[in-house]
Structures are given as structure tokens and as C-alpha cells.
1. Between the helical axis of 112-126 and the dominant principal axis of the chain, each derived from Cα atoms, what acute angle in degrees is found, rounded to the nearest 10?
2. What accessible area per residue, rounded to a whole number of Å², is obtained for the range 73-152 using a probe radius of 1.4 Å?
3. Which Cys residues of the chain have no other Cys Cβ less than 4.7 Å away and so no disulfide-compatible partner by this rule?
4. Rounded, prolate or oblate: which fits the range 184-269 when a ≥ b ≥ c are the square roots of the eigenvalues of the alpha-carbon gyration tensor, with rounded for a/c under 1.5 and prolate only if a/b beats b/c?
5. Decide, for the range 70-123, between rounded, prolate and oblate: order the square roots of the alpha carbon gyration tensor eigenvalues as a ≥ b ≥ c, take rounded if a/c falls under 1.5, and otherwise choose prolate if a/b is larger than b/c, else oblate.
6. Can you tally the net charge around Phe181? Count Lys and Arg as +1, Asp and Glu as -1, for every other residue whose Cβ sits under 10 Å from the Cβ of Phe181.
7. Going by amide H atoms built from the backbone, whose H comes under 5 Å of the H on Asn39, apart from near neighbours?
8. How big is the dipole moment of the range 242-295 about its Cα centre under a simple scheme where the beta carbon of each Lys and Arg is +1, that of each Asp and Glu is -1, and everything else is neutral? Debye, nearest 20, please.
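The values are calculated or read from the model by the stated rules, or taken from the named source; none is laboratory data. Note that this is a predicted model, so its numbers are computed, not measured. When we count neighbours, we look across all protein chains shown, and the Cβ atoms used for this are built from the backbone with ideal geometry, even at glycine. Remember, those area values only see protein heavy atoms, side chains included, never the ligands or the DNA or RNA. Shrake-Rupley method; radii C 1.70, N 1.55, O 1.52, S 1.80 Å.
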Amino acid sequence: MRNALALLFIVLISVSASGQTSSTDWAVHAANEYQIFPNLTYLTASNFEAKLDIYKRRDTTGPQPTVIYYHGGFWAAGTKEGSVMSLVPWLEMGWNVVNVEYRLARVAVAPAAVEDCLCALRYIAAQAKTYDIDTTRIVLTGESAGGHLALTSGIIPDTAGLDRECAGAALPKVAAIVNWFGITDVYDVIEGPHRANAAMQWFGSLPNREEIAHRVSPLTYVRSGLPPILTIHGDADTTVPYPQAVRLHEALTKAGVTNQLLTIPGGKHGNFTPDERTKIYATIRAFLAKNGLGK
């Protein structure tokens, strides 16, 4: 609990330091608006307790729109705690926020991370009344591998059989996905021309790497009826190549899925400038409002 509170304190100091009156007011009042439920175990697998944190509105009653965030790190690195700053804009927008960890490559190889994130979604739906979560207004988001996991969690059908680590009620249909430069073709980054060592760790020495890569690739599951998807990607990204975002955008459009590709000219793998981030979050707000998810 102390770790979560310390992280939030750092976040609030950072926001207050901006000198903007509205942000400062929000930072001062955030403790009145949010209660933190840290390190809730949503799954035990591979002798690993997968945990998540819930930031719940305390100044409202009834179900609230909720964003679920998955951290990046090519499925081999990263922590939920290291991603707290990415939660701040959602907290300021007044959303409930869920911050998820999952089994990394050193604990379990593919498709474990995908399975875990589906289990986190199922857990959140099962605990909706406890934490005032509106299951009709769940948005998934994440950066890089986290963007990939937001996509897979939101579009993989039950028939894929990737949610069997935590059998239970049917997975809720998410309301939207905000994909920050996520991997859409996994084979490309483990065996293709854009192979990355960290990504390869997720597959280890599995003999059926190509089959599993296809099974966990968002492009495999594009079809009509998917939730609205916003993709944010820099066109100079060499870690997760920009054409992956273009391919997803074109496939979704062809399938009749509401989607938008926000291209950051000259943008690389995240680390966007303040002006670019301002533009990105203005686009996110507009996208949510357009799809009936404005606050």
C-alpha cells in the first residue's frame, strides 16, 4: 500500500509543478477523489501471483467508466509501478483506473502474457460491483507490448481458447481500445525483418513459434463487430515499425470497424514531446466522446 501511495504522491507533485491552475487544483483534491486498492491478486500461475492496482473514484456513486492499462517491455521487461505516470491523464479525466502486471518471459513464455491480461479483464468484470466499474464502459490501453495486450484482450474471441487459465463468466465486450504503438504482427518482431532480442525471449526455444505468434497477433482477429480502436504511432518508430499500425488501420477499415490512426510525424517509439502529448490526449478525448465515452 505504501508503495502505491508513494507513487501517487510523486505523480501529484509532478502535476502540481506544471503551474497550471486546473491541474494544481486537481492534484490538491486527488486524495478526496480516489482510493487506491494496490496489489490485488487476480491470477496465480507458474508459481507467480499476478497483481493489479485499482484507482477507484471515491467522490461518486454507481458504476464508473474504467480504463485498464497494460505496461510495455516486449513481454520481457517493465512493471506496473513504472507506468504510473501514464495513468495521470485518465485520473484527471475522472476515470477509474486499473494498472495490470502480467507474467514476463522469465516467468512464462508465450502466450502467458496474453492469457494473464484476459484473466485481468475477467477479474475486473467479476469485481465490478465492489469497485464501481461500469462493464459497458471499459477501455483498454497500453504502450508497445502493452498496446499489443490491450488489442488482444479486446478483440480475441473466446473460441481462441486463450482465457482458460481463469475459467469463468464470459469476458465483457470492451467499449474501446487506445493502442499506443502496439505490436500487431508478432512474428515480425520475433523472426521477421524487425526481430528484437527482448521480444524473442518471450518465445524462448518453443518449437512452434510461428504458430503461437500468429495466434497472439491482433491482425489475426480483425473482423466486423470489434470495438472502436484508436492507434497512436510515430512514423519514425524503428522498434515497432510504423507499417504495423498502417496494416492494422487498413484491415480494420476494410472490416468496417470504427478506427482511427493518429500518426506522429517524426515520432519514434514513445518519448513524445509535450506538444505531441497534448495533441494525443486531445485526440483521445475526442475519440472517446465520439464513441459515447465522454466524461
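1. Approximately 40 degrees, to the nearest 10.
2. With the other protein chains kept in place, the range 73-152 gives 25 Å² per residue.
3. So far as the 4.7 Å Cβ criterion goes, Cys117 stand without a partner in the chain.
4. Taking the square roots of the gyration eigenvalues as a ≥ b ≥ c, the range 184-269 is oblate.
5. oblate
6. -1
7. Amide H neighbours of Asn39: Leu52, Asp53, Ile54.
8. 140 debye
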